[in-house]
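Contents: one structure, followed by commentary.
The values are calculated or read from the model by the stated rules, or taken from the named source; none is laboratory data. This is a predicted model, so every value here is computed, not measured. Ideal geometry is used to build each Cβ from the backbone, glycine not excepted, and the neighbour counts take in all protein chains shown. Side chains included, ligands, DNA and RNA excluded: accessible areas come from the protein's heavy atoms. Shrake-Rupley method; radii C 1.70, N 1.55, O 1.52, S 1.80 Å.
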Amino acid sequence: MKTKTAHGGMRRSKLLSGTATYLILGFCVVIVLIPILWMVSTSIKIESETITIPPRWIPEHPTAMSYMRLWKEYPFLTYFKNSIIISVGAVAVSVMFSCLAGYGVTRFRFKGKESFLGFILMTQMFPSIMLLIPYYKVLDMYGLKDSLVGMMCVYISFTIPFCSWMMVGFFRTIPLELDEAAIIDGCSRWKAFYKITLPMTLPGISSSAIYAFITAWNEYMFAQVLIISPELKTLPLGIAELNGFYKILWNDLMAASVIASLPLIILFIFLQKYFISGLTAGAVKQ
């Protein structure tokens, strides 16, 4: 009888614990979604409804005029194109070099390897604002200031250290015996890398690509300082310019924010499983 009572008590305890967990998670999800839902709601309102008191969650007269104005009255397409060029370029270079760094560190023995890894980690400890003036001077020296290539180089320097550290952890989970077997079968070291080992690092590559893309896509401070020409401005700069001196069109501002969020949402939806597995790779020593 006591055993049944104890078993029933444990079941009730687990049920209460599970219910409490889901309630807390549900509350956190609501807190996260409220700003996003408000942003979408404001983007389809007419101007007068954006300043209505009390505010309305559901607009009485929903319209897509804000989205249409972005493409007709603002150089939003130019901002979008510049951000795509810079972000995709930064992703391609960062992923390529981080894969080479991860393979080299885990497959070769060389003097200063541990110092190299420590240096990579140390670069992430400095506030980015400290590097603003040095970046400006270097880009100005090489004629890359106020250019898409210059901004691409800046973002590459941001993302390569973290991506390399992530790829090192991932390559460590791939057995060295696979490379040795490929070399015994006649593959060169380079061929063993891109034919055997590299395809197995898809989760790590995906997570590194997502991190690099988000960093380059959302960055504002360096772009604000290093880009002067209006035709070279990126999406964050374009959205900031919608904040007028005398008047703020909140519906246009929120519509621009929704459009700027879509590439990140789509990218994360399709690569979410790779992103999570890539972040946890190397967490458990085998």
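Annotation note: Cβ proximity below 7 Å between a residue of segment 250-267 that is assigned by the TED database to the domain that holds W71 and a residue that is among the basic types (K, R) (sequence gap 6+ or interchain) occurs for N251/K45; D252/R69.
For every residue, the table says whether it meets (1) open to solvent by 90 Å² or more (accessible area, probe 1.4 Å); (2) more than 26 Å from the chain's Cα centre (by Cα).
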residue: G18; (1), (2): no, yes
residue: I34; (1), (2): no, no
residue: K45; (1), (2): no, yes
residue: W57; (1), (2): yes, yes
residue: H61; (1), (2): yes, yes
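Go through Y74, Y79, Y67, Y22 for me and flag whichever is assigned to a helix (DSSP H, G or I) and touching a Gly at 6+ places or on another chain (Cβ under 8 Å). Before you say what the answer is, go through the steps one by one.
Values: Y74 fails: assigned to a helix (DSSP H, G or I); Y67 fails: touching a Gly at 6+ places or on another chain (Cβ under 8 Å); Y22 fails: touching a Gly at 6+ places or on another chain (Cβ under 8 Å).
The unique qualifying residue is Y79.
Taking helices (runs of 4 or more DSSP H) that do not extend beyond segment 144-214, which have at least 2 residues that are within 14 Å of S94 (Cβ to Cβ)?
Result: 148-171.
Consider L77 carefully, then state whether it is free of Cβ contacts under 8 Å to residues at least 12 places away in the same chain and in contact with a Phe, Trp or Tyr (Cβ under 7 Å, 6 or more places away or on another chain). When the stated conditions are applied, L77 passes them. Between L121, L100, the distinction of being farther than 30 Å from K233 by Cβ, modelled with pLDDT of 85 or more, in the same structural domain as A260 (by the TED database) and open to solvent by 20 Å² or more (accessible area, probe 1.4 Å) belongs to L100 only. Within segment 72-87, at least one residue is closer than 30 Å to R172 by Cβ and in the same structural domain as N243 (by the TED database). Restricting attention to segment 200-208, does a residue exist that is open to solvent by less than 80 Å² (accessible area, probe 1.4 Å) and free of Cβ contacts under 8 Å to residues at least 60 places away in the same chain? Within segment 200-208, none of the residues are open to solvent by less than 80 Å² (accessible area, probe 1.4 Å) and free of Cβ contacts under 8 Å to residues at least 60 places away in the same chain.
Being open to solvent by less than 50 Å² (accessible area, probe 1.4 Å) and among the small types (G, A, S) is the filter here, so list the residues in segment 182-199 that pass it.
Start the filter on segment 182-199 by keeping residues that are open to solvent by less than 50 Å² (accessible area, probe 1.4 Å), which leaves 182, 187, 192-193, 197-198.
Residues satisfying the conditions are A182, A192.
Residue-level analysis places K81 among those that are at pLDDT 90 or above and charged (D, E, K, R). Would it be correct to say that T106 is touching a Lys or Arg at 6+ places or on another chain (Cβ under 6 Å), open to solvent by less than 50 Å² (accessible area, probe 1.4 Å) and closer than 28 Å to P203 by Cα? The answer is yes for T106.
Put simply, of G143, G150 the only residue that is open to solvent by less than 20 Å² (accessible area, probe 1.4 Å) and out of contact with any Lys or Arg (no Cβ under 7 Å at 6 or more places or on another chain) is G150.
Scanning segment 237-254 for residues that are crowded, with 20+ Cβ neighbours inside 10 Å and under 21 Å from the mean Cα position of the chain (by Cα) turns up G238, I239, M254. Within segment 123-143, the set of residues being of a type in the set (A, V, I, L, M, F, W, C) and assigned to a helix (DSSP H, G or I) comprises M125, I129, M130, L131, L132, I133, V138, L139, M141.
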